[in-house]
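J.: Take this structure first; my questions come after.
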Amino acid sequence: MKEIALHMLDIAENSLDAGATKVELLLELTTGGMLEFSILDNGKGMDDETLKMTSDPFFTSRTTRRVGMGIPLLRQHAELAGGGLKTRSEKGKGTELKAVFVAGHPDIQPLGDIEGCWMMLAAMHNDVNIELRCSTPKGDFEISSELARQELEVEHLNESALRTELKRLIRNNLAAIGFTDGKIDKTILNS
Amino acid sequence: MEKIRSLADLKKIRDENNKGVELRKKGEDADKLVQVKVAMATCGIASGAKETMEFLADSLEKRGVEAVVTQTGCMGYCYAEPTIEVTLPGRDPIVFGNVNVKKADEIIEKYIKGGELVDGIIPVNYETIDSKE
């Protein structure tokens, strides 16, 4: 995993597998210089024991292989960048995962292709609402796939021209709040 | 703090889109279409499946191939990620391994368009841990 956006895509798949109809992807740069990345879903949730096991790379619910490295890899990358990972879950209600990074840390991964990852999730899951909310001291931006489908009056967002336009829209809006070209703008970090 | 009104921007996109592109309904007669499944679990994503998927979805549409591109979980061939499964109408599914953008291009041009097999096929008798047990 080279980018935080790819972790986003990867962890969101867990939420979708858990039958979530709403997945919230949050990316917040705090005034204290921390980058907080969270995923909240309303999927089937986990009991405490299963939740503890998610940080074990040799635990998975799959049958095609014996390892499950999605969450362990994210935890590793967060810890490498001076942060950490927290999870909370309630059976039948949903799951919440939060990874924190020191935004100016030399070992932090780049943000990466956030718009591409949201777009892929939004285009592939017509019956799920994928929300993306980003905020920095410079401003905030949010987009939801349900709202996008309603406003654009389409059943799905999986059309090449539409995807390109939506990605451009998100990219421009992210750049305006200091998430430029998949990186955190140095000027907001130093201010 | 400036709040960006994505709603207004979206409406603009819709109006521009309605001019030319008519949105097609896919998946109604899926067995007549080319079906491509991209493995998008942790192993796939870490190996570049996102780029492969974006390339396939965009290129097939641009090159006028009637295809449904979907994502699937790990097929058990983590060593060969990104992997894709291609099903041509009326044919058995074939799994290709190590499908980067270049390989995906070759698969579209030779296998999907011409039915010609290309290197990188994962044979069906390969056993995953699931099938061994």
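J.: Might you let me know whether the range A:71-87 holds any residue that is among the basic types (Lys, Arg) and in contact with a Phe, Trp or Tyr (Cβ under 9 Å, 6 or more places away or on another chain)?
T.: Among the residues of the range A:71-87, not one is among the basic types (Lys, Arg) and in contact with a Phe, Trp or Tyr (Cβ under 9 Å, 6 or more places away or on another chain), which makes the answer no.
J.: What is the one condition in (1) in contact with a His (Cβ under 9 Å, 6 or more places away or on another chain); (2) free of Cβ contacts under 8 Å to residues at least 60 places away in the same chain that residue A:42 does not satisfy?
T.: In the conditions (1) in contact with a His (Cβ under 9 Å, 6 or more places away or on another chain); (2) free of Cβ contacts under 8 Å to residues at least 60 places away in the same chain, residue A:42 misses (1) alone.
J.: For the range A:150-175, how many residues meet the condition of being more than 7 Å from every other protein chain (Cβ to nearest Cβ), surrounded by 17 or more Cβ atoms within 10 Å (Cβ to Cβ) and of a type in the set (D, E, K, R)?
T.: 3
J.: Can you find a residue that is part of a helix (DSSP H, G or I), modelled with pLDDT of 95 or more and away from chain B (no Cβ under 14 Å) anywhere in the range A:16-37?
T.: There is no residue in the range A:16-37 that is part of a helix (DSSP H, G or I), modelled with pLDDT of 95 or more and away from chain B (no Cβ under 14 Å).
J.: If I filter the range A:56-77 down to residues being touching a residue at least 40 places away in the same chain (Cβ under 8 Å) and buried (at least 20 other Cβ atoms within 10 Å of the Cβ), which single residue comes out as farthest from the other protein chains (Cβ to nearest Cβ)?
T.: Among residues in the range A:56-77 that are touching a residue at least 40 places away in the same chain (Cβ under 8 Å) and buried (at least 20 other Cβ atoms within 10 Å of the Cβ), the one farthest from the other protein chains (Cβ to nearest Cβ) is A:77.
J.: Hey, another quick one. Is it the case, given these coordinates, that residue A:122 is buried (at least 18 other Cβ atoms within 10 Å of the Cβ), within 14 Å of another protein chain (Cβ to nearest Cβ), at pLDDT 95 or above and within 29 Å of residue A:158 (Cβ to Cβ)?
T.: Yes: the conditions hold for residue A:122.
J.: Among the residues of the range A:43-55, what is the count of those that are surrounded by 13 or more Cβ atoms within 10 Å (Cβ to Cβ) and closer than 15 Å to residue A:72 by Cβ?
T.: Total meeting the criteria: 5.
J.: Right, next: Within the range A:172-187, how many residues turn out to be out of contact with any strand residue (DSSP E or B) (no Cβ under 9 Å at 6 or more places or on another chain) and modelled with pLDDT of 90 or more?
T.: Qualifying residue count for the region: 6.
J.: Hand me the list of strands (runs of 3 or more DSSP E) wholly inside the range B:51-118 holding 3 or more residues that are of a type outside the set (Val, Ile, Thr), within 11 Å of chain A (Cβ to nearest Cβ) and touching a helix residue (DSSP H, G or I) at 6+ places or on another chain (Cβ under 7 Å).
T.: In the range B:51-118, there are no strands (runs of 3 or more DSSP E) which contain 3 or more residues that are of a type outside the set (Val, Ile, Thr), within 11 Å of chain A (Cβ to nearest Cβ) and touching a helix residue (DSSP H, G or I) at 6+ places or on another chain (Cβ under 7 Å).
The values are calculated or read from the model by the stated rules, or taken from the named source; none is laboratory data. Source: prediction; values computed, not measured. Virtual Cβ from ideal backbone geometry, glycine too; neighbours counted across all protein chains shown.
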